[in-house]
Amino acid sequence: MFGIYQLRDLSVEFQNLKISVEREKSTFRYIRILGDSRVEKILFDDAEVYLNPVEPVNLPKNITNYLFIVFRRPFLIAPKATATLYLTFPIEIGVILAEENVYEDIDVFSFLKPKYALYGDPRGGVIGRYWESDIFAEVPEVDPLREGILELRVVNLSNNFCEVSKAVFDVYGMKIYYNRKAVSSIAEMRVHSKRIADTSFIDKPLFEGMKKAVEIYSTKSIPMLVKKFTMEWGI
C-alpha cells in the first residue's frame, strides 16, 4: 500500500480502509473512509501523492511531539555495556502531496486508536504518545500498517547496573523507512545514571533498499531545534 501515486490514479482498498479520487471537471475529490470515519477534500491540481508512514503523534490532533514507549518487561544493562534491542512503535499513515519539492499533508489516519500519557512531574514533565512494547532480541514480525520496528542501541555510560523500563523520544528527529514488509526507525539511548538518559534518532534504514518516508514536520517547515531528548524523570 505504501508508495508514490499520481493523484488522479489514487485508489486503495484494504480491510476497512478505502481511498479514492473522483474527477469533477477541473477539480479532484479526495475521499478516505476508514471504519466509521470519512474525510473528503477538494483539490484543484493533479500532483504526485506519497502514501507513507509518518511520525506517530498527529492524531487525533497535534497534542505533542514526544513518543513515550513503556516496556512490558524492563531489562538490566551492565556498567559501561552496550546492548541492541528491538521495540515496536505505532503507525500513522500520511497522504502527502508533492509538487516541485514542496510537500503538503492532506490527511493522516491510523488503524490504531491513539493514547497519551504523562512522563515525569505534572509541572515539568511532558505528554507523550503512549505505547507499550515487548523487548525483542531479534527483528520481530509485525503488521507494517499497525506497528513499526524500532532498533534501539542502549549505551550505559555509568558505573552501575541500570534497569531500563521506558524510553521517550522527540519525534522532530525521527527518521522512518519502509518497504513492502516493514516500517522501521533506528534510535540510541545513552544512559547516564539510574534515572537519567538521552535519546536520539539515527538516519539509517533497518534493511538495505528501504525507502525514506516524507516527514510531516519537514512539510510544515518546523525547524529541528533539539536533536535529542533528556529523560530526567526515570528510565
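Coordinate-derived values only; no laboratory data. Owing to the predicted nature of the structure, the values given are computational and were not obtained by experimental measurement. Positions of Cβ are backbone-derived with ideal geometry, glycine not excepted, and every protein chain shown enters the neighbour counts.
Results, tabulated for the structure shown:
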read-out: Residue (of 120, 183, 90) at the positive-pole extreme of the chain, dipole from beta-carbon charges; value: 120
read-out: Longest exposed-site-free window of the chain, the sites being GluC sites (Glu not before Pro) in a DSSP loop that have at most 13 other C-beta atoms within 10 Å; value: 1-99
read-out: Residues 184, 110, 37, 20 arranged by fewest to most Cβ contacts within 10 Å; value: 37, 20, 110, 184
read-out: Highest-MSF residue in the chain out of 61, 41, 204 [GNM, Cα springs under 10 Å]; value: 61
read-out: Set 113/211; 181/204; 80/194; 113/212; 80/228; 41/212 screened for pairs whose C-alpha atoms are more than 19 Å apart; value: 113/211; 113/212; 80/228; 41/212
read-out: At R0 = 41 Å, FRET efficiency that the Cβ-Cβ distance of residue 136 and residue 27 yields, to 0.05; value: 0.30
read-out: Sparse-neighbourhood loop sites, chymotrypsin sites (Phe, Trp or Tyr not before Pro) in the range 91-184 - DSSP loop, at most 14 other Cβ within 10 angstrom; value: 161
read-out: Eligible lysines near residue 115 by straight Cα distance, threshold 17 Å, same-chain separation 8 or greater; value: 61, 166
read-out: Charge dipole magnitude, Cβ of K and R +1, D and E -1 - the range 85-158, Cα centre, debye nearest 20; value: 500 debye
read-out: Calculated over the range 34-133: convex hull of Cα atoms, volume per residue (Å³); value: 181 Å³
read-out: Total formal charge among the other residues, if their Cβ is under 12 angstrom from that of residue 85, Lys/Arg +1 and Asp/Glu -1; value: -2
read-out: Linear extension gain, residue 39 paired with residue 196, 0.36 nm per residue minus alpha-carbon span; value: 52.3 nm
read-out: Rh (Kirkwood; distinct C-alpha pairs) - the range 3-231, Å; value: 18.8 Å
